[in-house]
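Every read-out reported here was derived from the displayed coordinates using simple, explicitly stated rules and does not represent laboratory data. Quick caveat: nothing in here was measured; it's all calculated off a predicted structure. Every residue, glycine among them, receives a Cβ derived from its backbone with ideal geometry; neighbour counts consider all protein chains shown.
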Amino acid sequence: MTSVIERLRGETTAFSIEFFPPRDTADEAVLWRSVRELEPLDPAYMSITYGAGGSSRDGTIRNIARVATETTLTPMAHLTAVDHSVAELRNVIGWYAAVGVRNILALRGDPPGDPYGDWVPHPQGLRYAEELVSLVRSLGDFCVGVSAFPYGHPRSPDLDSDTKYLVRKFNAGADFGIAQLFFQPEDFLRLRDRVAAAGCDALVIPGVMPLTTPRTLHTTIRLSGAEAPQGLLDRLEPLAGDPKAFRAEGLDVVTELCERLIAEGVPDLHFYTFNRSKATREVVRRLGLVPARA
Ligand code: FAD
């Protein structure tokens, strides 16, 4: 089975897609319709996030197994250290391997309930994503990804320490990084430059969310941890009451962002899909990233 890093190091610009575990059977049907609609467009890989609790975690495990066994997609499973002992983490990793998932995004995760609350590791668990990278690596031939933050992780005191700990994750064996949401191409490129300036040649790819509604704009602002540039707000906020116009302008904004990233040699665009396919399909078609046969 192809590993994610092999696909990302390929000749052409690729795109990848991220989903979250469905909450119920209706949600699961929506997710699978979206997966089937995106599958012919040949994404480099498909990932499913890992939640804080039992049923959501079961949803990740059940659905990523289906991706591995029932689709042509390369699956990547997220995993966090939240509320897990090392023994439990070993179990989940072993289970991923058993169903054919060889790509893992290794994350520390946030405290359940309050993402900004105090991070308390499990007494027999891990403190940082770096340790999870080492654990996954020690358990077999996995391709490992990690998170990266264009504006720095919200808990990092400054960009220097943020970069230092990101590079430690690569030194521990991570193959590539996926960036949190950001607004301007330069914000991502500066992150790429910081990693390179630290003497690290690991690949970091940008995370992009199609801006289809005011809600997606607010989510982007919240997750980025930064203030949106006034120019972006001036383009989108006046359209908040007109769903069609907002969507059209939002997809223009995202397409322009992606075009500039591709022009800068970025080899993959990672789309946060919200478990829907239409907007991502539209953007990747406009970018010419769709195989001719699709
Ligand atoms: P770490 O890399 O461990 O970093 C956490 C903080 O500690 C940073 O400030 C870092 O600089 C600092 N740090 C790291 N190592 C050290 C050290 N050795 N000493 C001192 N400080 C250190 N969350 C989920 O719950 N489920 C998901 O599926 C999920 N998917 C994500 C996907 C992407 C692409 C991104 C960008 C984020 C995702 N998250 C997910 C959110 C993520 O779990 C949170 O941002 C979390 O707060 C940090 O996780 P991390 O892996 O970046 O942690």
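A few comments on the model shown:
- Summarising the amide proton neighbourhood of SER47: residues at separation of 5 or more, or on other chains, whose placed amide H is nearer than 5 Å comprise ILE17, GLU18, PHE19, MET76.
- Karplus-based coupling profile of the range 56-73, in residue order and whole Hz: 5, 5, 4, x, 4, 5, 5, 6, 5, 5, 5, 4, 5, 9, 10, 10, 8, 7, with θ = phi - 60° in 6.51 cos²θ - 1.76 cosθ + 1.60 and x standing for Gly or Pro.
- Contour excess over end-to-end distance, with Cα ends at GLU264 and GLU70 and 0.36 nm allotted per residue: 66.3 nm
- Each Lys and Arg contributes +1 and each Asp and Glu -1, all at the Cβ; summed about the Cα centre of the range 52-189, the dipole is approximately 460 debye.
- Ordering PHE149, LEU107, ALA97 by the projection of their Cα atoms onto the charge dipole of the chain, which places +1 on the Cβ of Lys and Arg and -1 on the Cβ of Asp and Glu, puts ALA97 at the extreme positive end.
- Order of LYS244, LYS164 under a 10 Å beta carbon neighbour criterion, fewest first: LYS244, LYS164
- Only Lys, Arg, Asp and Glu carry charge here, each on its Cβ (+1 for the first two, -1 for the last two); on that basis the chain has a dipole of about 540 debye about its Cα centre.
- Simple rule: put +1 on each Lys or Arg Cβ and -1 on each Asp or Glu Cβ in the chain, find the dipole, and look at VAL120, VAL266, GLY53; the Cα lying farthest toward the positive end is GLY53.
- Charge tally in the Cβ shell below 15 Å around ALA98, where Lys, Arg are +1 and Asp, Glu are -1, ALA98 excluded: +3
- Cα-centre dipole for the range 176-294 with unit charges at Cβ (Lys and Arg positive, Asp and Glu negative), debye to 20: 560
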